[in-house]
Ligand code: N01
């Protein structure tokens, strides 16, 4: 605990403004209260939840186990909450987040239905002026961005969409009332994690469904199941151990990380390992050997295994061939986890269009026109993804010293120190920002690490009577170079993925998250703090 009014602090409306009330913003608010700071959270949505507030599409489900995709900071919360399935569905995650908001009485400091449009640093006073859509400006010492890595949804600018006579949806902005596709002709555009989840669900309702696929993706079955009390209680008994193991791991999750190369084992052993991982389900598959992300020959063996599975599941040979990924190494685009995705293409009411061979030209009043055909539809589901990691930040007019905008600073790729602060932007924190492990991990663990690091940093500032903390330019340059170097040692950099910014026309081609792993990253952050916040400029006055 510290005094909320350390002598270094100027007069402001709040000590801290937090942008976003998802997993990150809620824990940040709780942490700020705990250390005695006043805070206001601004949230665009009408309630808490962030990603899980918006992604209400049928089939929306997390691909990290429910027991792990939850906060660990409060033991009672962790012990009391009961999950019902191995992988939690969106309504259950949202219910959990709402429960957390109630339990810690968080809503009273959150202003909903409020979009932040600008955040400007005033060099003279050393405070942040944060502006919301209704024109209000509030001031704070600290501006903490908890705006999410996958929150700036992206609907490609298809010509003619405004003329479409039916209804269209984006998976990331799904209506609150359930959508009924019964009897309809429906198109799903996009076959990433969202498209792969929504497709089997829509197929069960629609009269016919046409999936427009530009790039086939690798997907591993989830084999979701109801969690038994015994499994859950057993996990909870060992929660402390499980959480510590997850936090020290590469992905912040309890995968079985193999120590063997795929190239050093016999064909039988390799087959056995892949079979076991496939039957187990989920992203654990990509950890079957320790070189799948680094060595193309090793990766090809895993990719070929999944390709064979697709050809076994999908009955029509032409459709199976179209669904088979060939242009990227498995895992270098985010691996998908599905329930019945490939098998859905065996249904008589489902068709697949290769939107790379015959791209979508325009949308008309009646449907979708490709270069060689026309598809009449009543509804379109855009599962076309996000301006990931940086989009939610650059859509806000954030300005640091000398009025320099973050968007301009990042015009040739995001630059941060540790993914959490930016040179020239004092007292601005970016939770799970670019250059941190964020969405390459079980993001709740990454969020907890960031929130706790920021909390300790603010305690340090109060103790030292500091007004400002800011990434040093050289430290930032070195971190950016380190992030680049680690990424270049992996196959990730060869894929046209959203990790690489490749899904947004004109976005610089940079590996956005830090690939070094959560455990390694946490150690680096802890060392930096232990060395008196090495690489940060700290000042007592503005
Ligand atoms: O988005 P995506 P997402 N014409 O960017 C296609 C997390 N998540 O919402 O690959 C035709 O992955 C695009 O094609 P291409 C998870 O981290 C997790 O599915 O660019 N198609 C691609 O197929 C995930 O990775 C969960 O060639 C067009 C698709 O749209 C991240 O969110 C569930 C197109 C976009 O795929 C984003 O996933 C859901 C065009 N003009 C999401 N433009 C779970 O936990 C784009 N596409 C399970």
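Here are some notes:
- Extension gain (nm, one decimal) between residue 168 and residue 308, 0.36 nm per residue minus Cα-Cα: 46.9 nm
- For a label point 7 Å along the Cα-to-beta-carbon line of residue 122, residues of the range 403-435 with backbone N under 18 Å: 403-404, 425-428
- Taking label positions 7 Å along the Cα-Cβ direction at both residue 74 and residue 271, the computed distance is 5.2 nm, reported to one decimal.
- Relative contact order (%) - criterion: Cα under 8 Å, at least six apart; region: the range 161-382: 37
- Cβ-Cβ FRET estimate between residue 230 and residue 464, R0 fixed at 60 Å, reported to 0.05: 0.75
- Label point distance in nm, residue 502-residue 104, each placed 7 Å from Cα along Cα→Cβ: 3.8
- In a fully extended conformation the segment linking residue 241 and residue 133 would gain 34.4 nm over its present Cα-Cα distance, using 0.36 nm per residue.
- Sites residue 477 and residue 537 - FRET efficiency at Förster radius 22 Å, r taken between beta-carbons, to 0.05: 0.95
- Length-normalised contact order for the range 437-515 - Cα pairs under 8 Å, 6+ apart - percent: 31
- Ordering of 234-242, 184-192, 318-326 by packing [mean C-beta count within 10 Å, highest first]: 184-192, 318-326, 234-242
- For the range 161-382, Kirkwood radius (reciprocal of mean inverse C-alpha pair distance, Å): 19.4
- Using only the C-alpha atoms, the convex hull of the range 422-542 corresponds to 106 Å³ per residue.
- Measuring r between the beta carbons of residue 296 and residue 316 and using R0 = 41 Å, the FRET efficiency lands at 0.85.
- Mean separation of Cα contacts under 8 Å (6+ apart) over length of the chain, as relative contact order %: 20
- Order of 263, 352 - criterion: other Cβ atoms within 10 Å of each residue's Cβ, fewest first: 263, 352
- Across all Cα pairs in the chain, the calculated P(r) in 20 Å bins from zero up to the longest distance comes to 21, 55, 23, 1 percent per bin.
Any read-out appearing in this document is the output of simple, stated calculations on the displayed coordinates, not a laboratory observation. As the structure is a prediction and not an experimental result, all values here were calculated from the model. Methodologically, a virtual Cβ is constructed for each residue, glycine included, from the backbone with ideal geometry; neighbour enumeration extends over all protein chains shown.
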